[in-house]
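The values are calculated or read from the model by the stated rules, or taken from the named source; none is laboratory data. These numbers come from a predicted model, not from an experiment. Every residue, glycine as well, gets a Cβ built from its backbone with ideal geometry; the counts of neighbours run over all protein chains shown.
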Amino acid sequence: MSENEAAPIADDAPLADSMLIDAEREARIHTCLDTLDETPREAIRTAFFEGRTYAELSERMDVPLGTMKSWIRRGLAKLRACMEPGE
Amino acid sequence: MTPDQTLAAEYALGLLEGEELLAARAREAADPAFFAEVVRWQEHMAPLADAIAPRTPRAEVWQRIEAVLAGNSGIAEVVLLRRSLRRWQWAGGLSAAAAVILAIVAIPQVFGPAPEPSGITIGPGLTQPPMAANMPIESTPLRLDLTYLPDAQSLLVGAVGLESDGVHDHELWFVPPEGRPVSLGVVTPGRVVTHSVPDKVARSLETGSRLVLTREPLGGKPALSNAGPVVAETRLAAI
């Protein structure tokens, strides 16, 4: 390397394409949640944000445990199909 | 979705409790495909956590903390801790509430005279942080889940998936840096069991303490024999 040449400096900023992928991924979970009906969507969001279990959710929303499970399971299946189309 | 995929999603989201939770946890440890599915769901959901703005925990959070600290059973503490821990692990943006639960359980003295909601007193609960360890068992996909609650001098030994061969039992030992190993009891296959820990062991247990598992005749090591072969070992870590 000649004296006049600048030493290479690593650019540690995230690569543009990985930022795009993150942004896409982030947008996708929000978009996919929005495709769900309101009840399963709220139940899934509450489970995630507040750490509620099936039993706690069913008590809080005052529905039988089995009903809560089938709402959420249907929601999760739809969410998965939306997050991973083609599977 | 297959039933497995559904279970993985429910587990990743923290919907399960009791038997189902224990079963899913054992699957996660033993089944790479199941584990991958759980990770995939965590990655799908993680960006949601980025959207949470820091905020003051709801009053209800204090009540739950208080209920835990007043502590009726060790199991409740561990379940809540694990749940908090899982939330802690969700990507970077963790909620203020989870942080507070962890902080209070781990270092309650910091909160000393901090403002408490009226009518709520912090119980005599935890003063020392729990410790935990996984103990994978040699040449099997199985492991023991160990959680030590110093204040209760209780070691929760989860041996889900382990089956008795009808000829042997497994015995758990604390191996002090000096001196002879001390038995912490015989493991109950397929169950989560609370073992009480002798005083002198309780005083010595700390992060890095070595625990080993030996294979013994049914009922544990006979008084006059040497301990059987060591089949697993681990060290405790603070959680």
How many residues are more than 10 Å from chain B (Cβ to nearest Cβ) and either in contact (Cβ under 8 Å) with a residue 60 or more places away in the chain or outside any helix (DSSP H, G or I) (or both) if we restrict to segment A:43-86? 6
Regarding residue B:205, is this residue more than 24 Å from residue B:30 (Cβ to Cβ) and modelled with pLDDT under 85? no
Filtered residue count, segment B:1-12, keeping only those that are in a helix (DSSP H, G or I), facing chain A (nearest Cβ under 8 Å) and hydrophobic (A, V, I, L, M, F, W, C): 1
Can you tell me how many residues in segment A:58-87 are surrounded by 15 or more Cβ atoms within 10 Å (Cβ to Cβ) and among the polar types (S, T, N, Q)? 1
Take the residues in segment B:13-43 that are within 11 Å of chain A (Cβ to nearest Cβ) and among the small types (Gly, Ala, Ser); name whichever of them is surrounded by the most Cβ atoms within 10 Å (Cβ to Cβ). B:14
Tally of residues being part of a helix (DSSP H, G or I) and either charged (D, E, K, R) or under 24 Å from residue B:169 (Cα atoms) (or both) across segment B:203-217: 1
Restricting attention to segment A:32-42, the residues that are away from chain B (no Cβ under 11 Å) and assigned to a helix (DSSP H, G or I) number exactly 6
